[in-house]
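Structure first, then comments.
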Amino acid sequence: MAAVAAAAEEDVIIVGAGQSGLAVAACLSLRGVRALVLERDDCVGSLWRKRAYDRLHLHLGKKYSALPHAPHPDSAPTYLHRDEYAAYLDGYAARFAVRTRLRREVRCARYDRATARWEVEAVDLGTGGQTERYMARFLVVASGENGEKFVPEVPGLEAFPGQVMHAAEYRSAEGMRGKAVLVVGSGNSGMEIAYDLAAAGAVTSIVVRSELHLVTKEIWSVAMALYPYLPAWVIDKLVLLMCAVVFGDTSRHGLRRPAVGPFTMKLTTPAYPVVDVGTYAKIRTGEIRVLPAGVKSVRGNVVEFGDGKRHPFDAIVFATGYRSTVRQWLKSEDGLIGDDGMAARSYPEHWKGENGLYCAGMVRRGIYGSCEDAELIATDISKLLRPQQEQGNGF
């Protein structure tokens, strides 16, 4: 039986050392509140280091991708590369003296009404499984939506003779020249991986079942700049006008736009616009084939699709996203976190639950949303702690 360490008392426990967890910890630090961040991986910002392809750059300009109180320098490129952003997160954690315990996998967190504390149990993966216990007045869920890879169940996939991988494992198209590669999933990762493959000489196909909004980085930067000044429906009209000029009618090539505008969709649903990195040009020239039906089954190296068509492939990349694992360890039924492990309530009422429970970056609003959540949470916690601190100082 694994040893159990004595409980450590903290003011705030933050689960997850990605951009959201680091932002909350920094904002708390600036308000004089100590917090401890528990992270399953062996580094901060592990998504950028360990689950991102080599060519990845941020789709938002540096103005919208900086964490609170640490803007990117003027010398930084407008759109940071994956490695540059990972280095920025390292520097951010150091600058604000963020206390982290890495290789700690949280297995259980429950609120004890008798002590008015959150009891958190975490396994130290670095020591082979010692269980550590923590007590905290406040608990912040900041582990994001990328807890575990999601790959749909496909009959026959286990016998596919070629390479099968999730987008989290894809780094580059090395060794794919001349091979027939299927990309399943048409979000930002799927579309960019398809481009990367085609540019390297792979015979590339991509499954596009859902409607999507295709934009450019420049068009989306205009939309972000207009957001404080114009209603979403006006921004939608301007964005779609610019897209019509740049792309024309994308439905002619299998990319159907939703009836809901791109900015309204971003604000009200989990769906993001797809930022084009050159994929659409290759779709128009036929270098990337769009397949409109989902994968139904696999027999040998032949994939059968929902419309009955069959095509042989040498490799398959599933750009099918992730699932949150929060519901596996958070023992709370106060309605803050939904069955999918994400925020149950929509923006802007999503971030605060009961008994000192909060969530950051759990409403699918990207880096910009993580910053807003961090400031709200840190302000609220510091106000709740201040009467206790003043009483302890004899005020």
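The values are calculated or read from the model by the stated rules, or taken from the named source; none is laboratory data. The shown structure was predicted, so the numbers you read here are calculated from the model rather than taken from an experiment. FYI the Cβ positions are ideal-geometry reconstructions off the backbone, even for glycines, and counts take in every protein chain you see.
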query: Taking segment 341-362 on its own, how many of its residues are crowded, with 16+ Cβ neighbours inside 10 Å and among the aromatic types (Phe, Trp, Tyr)?
result: 2
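Can you name the residue in segment 328-337 that is farther than 19 Å from Leu384 by Cβ and more than 17 Å from the chain's Cα centre (by Cα) and, of all such residues, is surrounded by the most Cβ atoms within 10 Å (Cβ to Cβ)?
Filtering segment 328-337 down to residues farther than 19 Å from Leu384 by Cβ leaves 328-331, 333, 335, 337.
This time we only want the ones that are more than 17 Å from the chain's Cα centre (by Cα), so: 328-331, 333, 335.
Details: Gln328: 12, Trp329: 20, Leu330: 25, Lys331: 11, Glu333: 8, Gly335: 10.
Per the stated criteria, the residue is Leu330.
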- prompt: Quick one: is Val290 in contact with a Phe, Trp or Tyr (Cβ under 6 Å, 6 or more places away or on another chain) and either closer than 30 Å to Ser382 by Cα or outside any helix (DSSP H, G or I) (or both)?
  reply: no
- request: List every residue pair whose Cβ atoms sit under 9 Å apart, with the two residues 6 or more apart in sequence or on different chains, where the first one lies in segment 159-182 and is over 21 Å from Ala52 (Cα atoms) and the second, anywhere, is acidic (Asp, Glu) and surrounded by fewer than 19 Cβ atoms within 10 Å (Cβ to Cβ).
  value: Pro161/Asp314; Gly162/Asp314; Gly178/Asp314; Lys179/Asp314; Ala180/Asp314
- prompt: How many residues does segment 115-167 hold that are in contact with a helix residue (DSSP H, G or I) (Cβ under 8 Å, 6 or more places away or on another chain) and of a type in the set (Gly, Ala, Ser)?
  reply: 5
- request: Give just the number: which of (1) at pLDDT below 95; (2) under 23 Å from Arg137 (Cβ atoms); (3) in contact with a strand residue (DSSP E or B) (Cβ under 6 Å, 6 or more places away or on another chain) does Leu36 not satisfy?
  value: (1)
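Can you find even one residue in segment 176-183 that is in a loop (DSSP other than H, G, I, E, B) and in contact with a helix residue (DSSP H, G or I) (Cβ under 8 Å, 6 or more places away or on another chain)? Walk me through how you get there before you give the answer.
Going through segment 176-183, the residues in a loop (DSSP other than H, G, I, E, B) turn out to be 176-179.
Checking the rest, the ones that are also in contact with a helix residue (DSSP H, G or I) (Cβ under 8 Å, 6 or more places away or on another chain) come to 176.
Yes, segment 176-183 contains at least one residue that is in a loop (DSSP other than H, G, I, E, B) and in contact with a helix residue (DSSP H, G or I) (Cβ under 8 Å, 6 or more places away or on another chain).
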